1. What is the stretch 449-590 by shape, rounded, prolate or oblate, if you read a ≥ b ≥ c off the alpha carbon gyration tensor as root eigenvalues and call it rounded for a/c under 1.5, prolate for a/b larger than b/c, and oblate otherwise?
2. Please say if the stretch 3-244 is rounded, prolate or oblate, where rounded means a/c under 1.5 for a ≥ b ≥ c the square roots of the C-alpha gyration tensor eigenvalues, and otherwise the choice is prolate for a/b larger than b/c and oblate otherwise?
3. Would you list which lysines come within 19 Å of LYS147, measuring only between C-alpha atoms, while excluding same-chain residues fewer than 8 positions from it?
4. Given H placed 1.01 Å from N in the peptide plane, which residues other than close sequence neighbours of ILE388 have an amide H under 5 Å from its amide H?
5. Quote to one decimal, in nm, the extra length available between ASN57 and THR424 on full extension: 0.36 nm per residue of separation minus the C-alpha distance between them.
6. Amide H of ILE277: which non-local residues (sequence gap of 5 or more, or other chain) have their own amide H closer than 5 Å, using H built in the peptide plane?
7. Return the long-range amide H neighbours of GLY154 (sequence gap of 5 or more, or a different chain), with a cut-off of under 5 Å between placed amide H atoms.
8. Once phi is turned into ³J(HN,Hα) by the Karplus curve 6.51 cos²θ - 1.76 cosθ + 1.60 with θ = phi - 60°, what whole-Hz value does each residue of the stretch 158-170 show in order, with x for glycine and proline?
Amino acid sequence: MCGIVGFVGKKEASPILVEGLSKLEYRGYDSAGVAVLEDGEIKVRKFKGRLKNLDDNLKQSPLNGTIGIGHTRWATHGEPSDINSHPHTNENATISVVHNGIIENYIKLKEWLKKKGYEFYSETDTEVIPNLVDYYYKGDLFEAVAKATSKMEGSYAIGVICKNEPDKIVAVRKDSPLIVGLGEKEYFIASDIPAVLNHTREIYLLEDKEFVIMTRDGIEIKTEDGEVVDKEVFHVTWDVDAAEKGGYEDFMLKEIHEQPKAIKDTLTSRVLKDSPINLENINFTKEDLEAFDRVFIVACGTAYNSGLVGKTIIEKLAKIPVEVDIASEFRYRDPLITDKSLLIVVSQSGETADTLAVLRDAKRIGAKVLAITNVVGSSASREANHVIYTWAGPEIAVASTKAYETQLIAMYMLGIYFGEIKGTLSKEFADELKEELLQLPEKVKEVMGNKEYIQKYASRNYMDKDTFFLGRGLDYAVALEGSLKLKEISYIHSEAYAGGELKHGTIALIEEGTPVVALLTDDKLKDKMISNIREVITRGAKVLGIAYEGDKEAEQICDEVIYIPRTSTLLAPVISVVPLQLIAYYIAKQKGCDVDKPRNLAKSVTVE
Ligand code: M6R
């Protein structure tokens, strides 16, 4: 996910572009850049890192010009670096392009262009676009962009400027968002409405393959065949703040709602019915797997909780014993890791100090390291031997939600992948799991339908001082995540316990009215869990059950039940965690807490 902007008018372009980009940083902030037409030449400034680097540079040495394009990057193809930053230009800088999306056939296009004599400098897919436009340019920018995009596969929203048509921006989208802002003798393009709201509230919402041709004298929308499209103007009534969060009150709620898409994106092209799991560049053989003396999963916080699910999955599906540990503990334990071990590190940011320290120690010893991370170009992704990216998109709220979900998906894919290679998993069971994995986005969406019920539950329970989460098997791992979510954003003390363990001490804390959230998704362990629920009810607890639709027993024993759609027991964590995230969110909101930026916390813990 990246953000693009463009401006043509009578004012200086670069401050407007930078201000627009500042509203799109939520889409990625690995690098930022602008291209401005100054004295008839395309001038590009682009820097790795936050937008501030670009802003500081432009303040010190401004670019003067009234037309330009800008970009803020969430790296996918090529690590974050100055050279991989956008805008990209052709070799003699006559065409410049900003792009959000992925050009899936870029390798083919690149090879083809190379044969025609074009040179490439970055690792990006985007760099083919200005060269392709240049190849087709015969004096009409729109025609050249239309021809170039007809050769491109994948998703894109692009803005293009051309030295030979210095008053014009041509833009188009396919499967990536793009809007047009309509001002007085000035026009804007942007990936999202907030980027233009300080200038105009009149917007065109572009459809796929609608081309915008804008100069300071006017704007035209055309199809790729050149037919003019008559578009309705959309008047924006909401304010900038709400718009950045896509209309949601907070990033956390937005990110909870993005989970079905994040899961789908993480599964795409890796899990297909009736085909073996495809983890891109990861190619272990049966011999490799059998040669590992130990497999460790090491992480912190929520990522550690996903590792607990990973352990069960890999052990069950691939029959490989796995040890899970907290990074800050593991590193000082003199762990029994050797040059024959496999270390799996899990980190949304890929920058957590303790996790990186473990990764580096393991590499020094000669162990193989596989990183599961959400951030392309992060230290974990660069330093590990193998990477599985979780395609959750930027996670801005401190409390991790969609990253956790996609980490679970990575664990399932890895478990099935190992099982398929080792031959420990029957084809029937693997196919069944794959089919169920592909259904998860819809099932997660269904749970969101319970929002209002959960909100009411929160309004009755937000004054509680303590909450207990109980589960057995995978439900216990999810209970830990639910408990972490509640305490980090609502500041209510909470603990997660394995159902059978409570009576070994902690049950002493249960008294009249103590809230308990009990997970009941494991059919094999359900009777045991019911007994554990009875134990706390006898001591006065009020119990909220999380159970499958149609579970009458849960209804009979618990005070209240939130129902979730049925799935294979192994996959249940992906669904059962959603009500727990929503409970934490609504309780924190009722208490008036800042859910996106809870006290004492940072999104990425880069110190020990
Ligand atoms: O970026 P990482 O996944 O390495 O971060 C690990 C933890 O700091 C993180 O999961 C933290 O526990 C979250 N705030 C939990 O919501």
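1. rounded
2. On the way: a/c = 1.40, a/b = 1.15, b/c = 1.22.
Judged from the Cα gyration tensor, the stretch 3-244 comes out rounded (a/c under 1.5).
3. Cα-Cα hits under 19 Å: LYS108, LYS110, LYS114, LYS115, LYS116, LYS138, LYS163, LYS168, LYS174, LYS209, LYS222.
4. ALA371, ILE372, THR373
5. Between ASN57 and THR424, full extension yields an extra 126.4 nm.
6. Long-range HN contacts for ILE277: none found.
7. Result for GLY154 returns GLU104.
8. Whole-Hz 3J(HN,Hα) from phi for the stretch 158-170: 10, x, 10, 10, 9, 4, 7, 10, x, 10, 10, 10, 10.
We did not get these values from a lab; they are worked out from the coordinates using the rules stated. As the structure is a computational prediction, the values presented were derived from the model and not from experiment. Backbone-built Cβ (ideal geometry, glycine too); neighbour counts: all protein chains shown.
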